[in-house]
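Reading through the structure tokens given below for one structure.
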Amino acid sequence: MAKSIERSRSFRTPWNALARLGFSAVFFFWLYLIWNSTSGLNESIDATTDRLTAIHHIQVEFKNEIQLWKDLLLRSNNDKALDQNWRAFEAQHRKVVDEAGKIIAQNDVREIHQKMKSFIEAHALNHEKYRMSMDLLVQNNYNPTRADAAVKGIDEPILTYLAVSELDMLGEKRRLNDNLIAKARNQIEQSLFALVFIGMLAIWMPKH
């Protein structure tokens, strides 16, 4: 009888050890899920921030373009200087266009798409007006008065487009971040519940 009990205990011991090992593995797996939820949340928020704050960058680049145009009017007093300044202005113009294209490609918010497309259209129209203004500059022997008057204020609507688009992006950023935080919180709560359940099983599991 004693031998039978001893064999039963020796048979049960490996299974208890395997069960404890299994509980430990599951426990650490759920700990990993909690860590991954918080780590993934930070990465997702950073990615959302980078994607939705790009509009601020394009505002800076567009203002640089406007400044280059002003420099062109003030510093172009001969054909060579005009050609050099126009090439610098053209390069900045293309940079702004490229940035706008990236915002559209990386963003799936319909309202932001529409505003950026409106910006691109207005930006292209302004470019033609700047080209005509450059012709006036040459026709007036590099006196910038008429050339400047021809394009005075044409950038204001575009700056408005960008400012409104940035506000929309900030609102979208808050909404997306709230969703990410809610999802991560839900995953953490589920993981904590599972850890409590595992802990209770470990406490009540037979020791022998």
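What to note about this one:
- Spin-label model, LYS183/GLN139: points 7 Å from Cα along the beta carbon direction are separated by 5.7 nm.
- 29 Å Cα-Cα threshold exceeded, pairs from LYS80/LYS152; LYS80/LYS117; LYS117/LYS183; LYS80/LYS115; LYS80/LYS102: LYS80/LYS117; LYS117/LYS183; LYS80/LYS115; LYS80/LYS102
- The packing ranking of peptides 112-122, 82-92, highest mean first, is 112-122, 82-92, where packing means the average number of other beta carbon atoms within 10 angstrom of each residue.
- Spin-label model, GLU90 to THR160: label points 7 Å out along the Cα-to-beta-carbon direction sit 3.2 nm apart.
Values quoted throughout were computed directly from the atomic coordinates according to the rules given, and no laboratory measurement underlies them. No experiment lies behind these values; they were computed from the predicted model shown. Note: ideal-geometry Cβ built from the backbone for every residue, glycine included; neighbour counts use all protein chains shown.
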